[in-house]
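Structure record follows, encoded as structure tokens.
The values are calculated or read from the model by the stated rules, or taken from the named source; none is laboratory data. Treat the numbers as computed from the prediction; the structure is a model and nothing was measured. With ideal geometry, Cβ positions are generated from the backbone for all residues, glycine too; neighbour counts draw on all protein chains shown.
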Amino acid sequence: MSTQTNQSNIANPAPLGLLGFGMTTCLLNLHNAGFIKLSIVIVAMGFALGGAAQIIAGIMEFKKNNTFGATAFTAYGFFWWSLILIWINPFSSIEAADPASMGFYLGLWGIFTLFMFIGTLKHNRGSQVVFGSLTVLFFLLSLANFTGSDAVHTVAGYVGILCGASAIYNSMAQILNQEFGKTVMPL
């Protein structure tokens, strides 16, 4: 009887997922912090890199038998697609999102992210920063929607820029550390 190994020879999909998440999160939160307007640039980035690239990375993580990565990238990829649907509301017969519904939407994502953050306590510090700052971001955005506070929304934008930048750093560190076979950028 032969034994089969469950090893995969596919590349590490995490840098792609982190890059998609990080770049899109930075771009959206430049808007939330008041630096740029919400435009097709953010929508397109959210659809392509935030959504599609993360979903692809998540599917690849399923193939690698990485439940954490598969769940994170697939869920956050579909988060971006759902957010775009909320913004453009292609279902004209359904009422547009209001602040209370957005508050609950973002709050639920905050709860999910809090549990994912707990999962990162077994991971590197870079992952902990990404998920810890993302948890804070979702709860601040939820609070901003419930209270109507522009100040909280702006603070959330700055937290989001930090979160996105930390994901980009994490992505680049994984790529460069692997390419050079040593720690070039610590995680």
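Can you find a residue in the range 133-143 that is touching a Pro at 6+ places or on another chain (Cβ under 7 Å) and either surrounded by fewer than 14 Cβ atoms within 10 Å (Cβ to Cβ) or free of Cβ contacts under 8 Å to residues at least 60 places away in the same chain (or both)? Looking through the range 133-143, none of the residues is touching a Pro at 6+ places or on another chain (Cβ under 7 Å) and either surrounded by fewer than 14 Cβ atoms within 10 Å (Cβ to Cβ) or free of Cβ contacts under 8 Å to residues at least 60 places away in the same chain (or both). Inside the range 96-110, can you point out the residues that are surrounded by fewer than 14 Cβ atoms within 10 Å (Cβ to Cβ) and over 23 Å from F47 (Cβ atoms)? D98, P99, A100, F104, listed by residue number. If you filter the range 1-28 down to residues that are modelled with pLDDT under 95 and aliphatic (A, V, I, L, M), you find that the one that is nearest to T135 (Cα to Cα) is A11. Checking the range 29-51 against the condition returns no match, with no residue being touching a helix residue (DSSP H, G or I) at 6+ places or on another chain (Cβ under 8 Å), of a type in the set (D, E, K, R), under 14 Å from F73 (Cβ atoms) and modelled with pLDDT of 95 or more. Among the residues of this structure, F115 does not count as one that is among the hydrophobic types (A, V, I, L, M, F, W, C), more than 22 Å from F79 (Cβ to Cβ) and loosely packed, with under 13 Cβ neighbours inside 10 Å. Please specify each residue of the range 37-54 satisfying the condition of being closer than 11 Å to I84 by Cβ, without any contact (Cβ under 8 Å) to a residue 24 or more places away in the chain and of a type in the set (V, I, T). Scanning the range 37-54 gives I40, I42. Filtered by the rule that a residue be of a type in the set (G, A, S) and in a helix (DSSP H, G or I), the range 168-182 gives S171, A173.
Out of A100, A70, A75, one residue alone is modelled with pLDDT of 95 or more and closer than 25 Å to G148 by Cβ. It is A100. All of A100, A151 fail the test of being in contact with a Phe, Trp or Tyr (Cβ under 9 Å, 6 or more places away or on another chain) and part of a helix (DSSP H, G or I), apart from A100.
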